[in-house]
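Everything on this sheet refers to the single structure shown next.
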Amino acid sequence: MEDNFNYDDIDFDKHKRGKSKSSPKRWSIFIIEGIIVLVAVVAGGRFLFSDPANQSDLQATVAAQPTQALSLTAQDLFDRALIEKSERLTTSAIQSLTYALELDPEFAAAYFERAELYYSDSQYYRAEQDYESALRYAYDDTVYATFRLGMARFHRDDYWNAIGNFDEVIERDPDYIDGYYWRGRANIEFGNYQAGIDDLTRALDMGYDEPEYAYFFIATAYDDLGDYDAAIENYTTSLTYSS
């Protein structure tokens, strides 16, 4: 805000201060200065506490203070995040992992754990990015990280790339039942009905632990293929396991 008066007009001569102290002009200056300060305080308060974006920035700054004050290492922050995750403090855990990654941008386990938190919060695009980073920096359980990457892509309707991830999982571990189940689901969504039926049947033969879902999606594939007898048979079997 611009001042409404000119400071050059004020007489700051120390020998005249006493004489002008009680003058109307001097008092008007004090009043105007007071109004300016009050307006500035009110405006600043509204800026800081009324605007959600500024509130968020302020909260982030405050949240960062303990980390800076304690000089925590990336491993310390990672360990703290795991505790926060176990206590279902998802936002805090993500923040701790983000701080850890700022300190160590190649911390594969931190990327993976943050991806898991994003996934559980249905933030699949962010999860996909972090799973990719975990794999890039040599996360120790490559098969599982690749499977989870495929899951994130499946939930983003990126079935083609999800199938590629599940292919890699099965190639690395031919006994990975969930790999067959979810590749079957992705194939059906992509329109590869027979490939999907084959994968889901393979998962059932290997002892998939939720057969009602496998039979249900086999039934949907036959339904889309126009083989209604096979669809009814598999819907019925699905209901048998569900009851």
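The values are calculated or read from the model by the stated rules, or taken from the named source; none is laboratory data. What you see is a predicted model; the values in this text were computed from it and never measured. Using ideal geometry, Cβ is built from the backbone for each residue, glycine included, and neighbour counts are taken over all protein chains shown. These area figures cover heavy atoms from the full protein model, side chains too; ligands, DNA and RNA do not enter into them. Shrake-Rupley method; radii C 1.70, N 1.55, O 1.52, S 1.80 Å.
The set of residues in segment 84-105 being under 18 Å from A138 (Cα atoms) and open to solvent by less than 30 Å² (accessible area, probe 1.4 Å) consists of L97, A100, L101.
If you go through segment 105-120 one residue at a time, do you hit one that is farther than 24 Å from R80 by Cα and part of a loop (DSSP other than H, G, I, E, B)? Checked segment 105-120: no residue is farther than 24 Å from R80 by Cα and part of a loop (DSSP other than H, G, I, E, B). From D79, D130, which residue is out of contact with any Gly (no Cβ under 6 Å at 6 or more places or on another chain), at pLDDT 95 or above, over 22 Å from R183 (Cα atoms) and of a type outside the set (S, T, N, Q)? Selected residue: D79, the only one of D79, D130 that is out of contact with any Gly (no Cβ under 6 Å at 6 or more places or on another chain), at pLDDT 95 or above, over 22 Å from R183 (Cα atoms) and of a type outside the set (S, T, N, Q). Annotation: of all residues in segment 218-243 being open to solvent by less than 80 Å² (accessible area, probe 1.4 Å) and aliphatic (A, V, I, L, M), the one that is nearest to Y176 (Cα to Cα) is I218.
Contact map, segment 205-225: residues that are within 12 Å of Y235 (Cβ to Cβ) paired with residues that are among the acidic types (D, E), Cβ distance under 8 Å, separation 6+ or inter-chain. Pairs shown: A219/E233.
Has segment 194-217 got any residue that is open to solvent by less than 80 Å² (accessible area, probe 1.4 Å) and on the phi > 0 side of the Ramachandran plot?
Yes; the residues of segment 194-217 include at least one that is open to solvent by less than 80 Å² (accessible area, probe 1.4 Å) and on the phi > 0 side of the Ramachandran plot.
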